[in-house]
1. How many residues, within region 203-217, are assigned to a helix (DSSP H, G or I) and surrounded by 14 or more Cβ atoms within 10 Å (Cβ to Cβ)?
2. Any residue at all in region 90-98 that is in contact with a helix residue (DSSP H, G or I) (Cβ under 9 Å, 6 or more places away or on another chain), outside the structural domain of residue 172 (by TED's automatic domain parsing), surrounded by 16 or more Cβ atoms within 10 Å (Cβ to Cβ) and within 25 Å of residue 162 (Cα to Cα)?
3. Does residue 61 satisfy the criteria of being in a helix (DSSP H, G or I) and more than 11 Å from the chain's Cα centre (by Cα)?
4. Can you find a residue in region 38-45 that is loosely packed, with under 12 Cβ neighbours inside 10 Å, in contact with a helix residue (DSSP H, G or I) (Cβ under 9 Å, 6 or more places away or on another chain), assigned to a helix (DSSP H, G or I) and not assigned by TED's automatic domain parsing to the domain that holds residue 147?
5. For region 160-216, name all the residues that are out of contact with any helix residue (DSSP H, G or I) (no Cβ under 7 Å at 6 or more places or on another chain), in contact (Cβ under 8 Å) with a residue 40 or more places away in the chain and within 17 Å of residue 134 (Cα to Cα).
6. Among the residues of region 68-84, how many are more than 26 Å from residue 37 (Cβ to Cβ) and either in contact with a strand residue (DSSP E or B) (Cβ under 7 Å, 6 or more places away or on another chain) or surrounded by fewer than 16 Cβ atoms within 10 Å (Cβ to Cβ) (or both)?
7. Take the conditions in a helix (DSSP H, G or I) and either over 28 Å from the mean Cα position of the chain (by Cα) or touching a residue at least 40 places away in the same chain (Cβ under 8 Å) (or both) and apply them to residue 15. Does it pass?
8. Mind checking which residues of region 109-128 are surrounded by 14 or more Cβ atoms within 10 Å (Cβ to Cβ) and either closer than 10 Å to residue 88 by Cα or more than 14 Å from the chain's Cα centre (by Cα) (or both)?
């Protein structure tokens, strides 16, 4: 018995000989007279009124396979998007890696957005807050990382404007510097200075802030 995939022979109709519950929750095997089968959600079986002795055309089987694929993709997308905060691009890449096509993935992303499981605005805000508080990142590094995660420029600009105001940049840089200096306390002064400067550049702080920090701490 062979499972019917998207590339099945579309030249023949098939007759249902049995419908069996699968171990996978909410799924059933629909078995045809030639011993081929498809694995479907019970909801699809009810919706299409699939029953024993029903003859199903190749067009309907193709539609069923696409609908089943979309259901599975939504489940995978929902699981991924709710396990941790994600951007739309992260979800796209994950589902693409799992083998889903672009149309299916875009459908899933819209579904997640419609039900508030996915929001690039929320992702950008939470990501920014976390990187300031936990990693003491500068403006430029957060901007660069949000870009890499596929966040639109207008969302990045609004997020940084509202959640990384200028009056906290210097304090954040100080916390970053102090943490770095503790880790290189055994170095001589010249090396500490060089490593601190390089660290602040990597963290994404602007030159004027770096200059102030270097004067304060070295």
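The values are calculated or read from the model by the stated rules, or taken from the named source; none is laboratory data. Predicted model only: the values in this text are computed from it and were never measured. Glycine gets a Cβ as well: all are built from the backbone with ideal geometry, and neighbour counts include every protein chain shown.
1. Count: 7.
2. yes
3. Yes, satisfied.
4. So in region 38-45, the residues loosely packed, with under 12 Cβ neighbours inside 10 Å come out as 43.
Pick out the ones that are also in contact with a helix residue (DSSP H, G or I) (Cβ under 9 Å, 6 or more places away or on another chain) and you get 43.
From what is left, the residues that are assigned to a helix (DSSP H, G or I) are 43.
Still in the list and also not assigned by TED's automatic domain parsing to the domain that holds residue 147: 43.
Taking every residue of region 38-45 in turn, at least one turns out to be loosely packed, with under 12 Cβ neighbours inside 10 Å, in contact with a helix residue (DSSP H, G or I) (Cβ under 9 Å, 6 or more places away or on another chain), assigned to a helix (DSSP H, G or I) and not assigned by TED's automatic domain parsing to the domain that holds residue 147.
5. Within region 160-216, 179, 202 meet the criteria.
6. Count: 3.
7. no
8. Passing the criteria: 109, 112, 113, 118, 119, 120, 123, 125, 126, 128.
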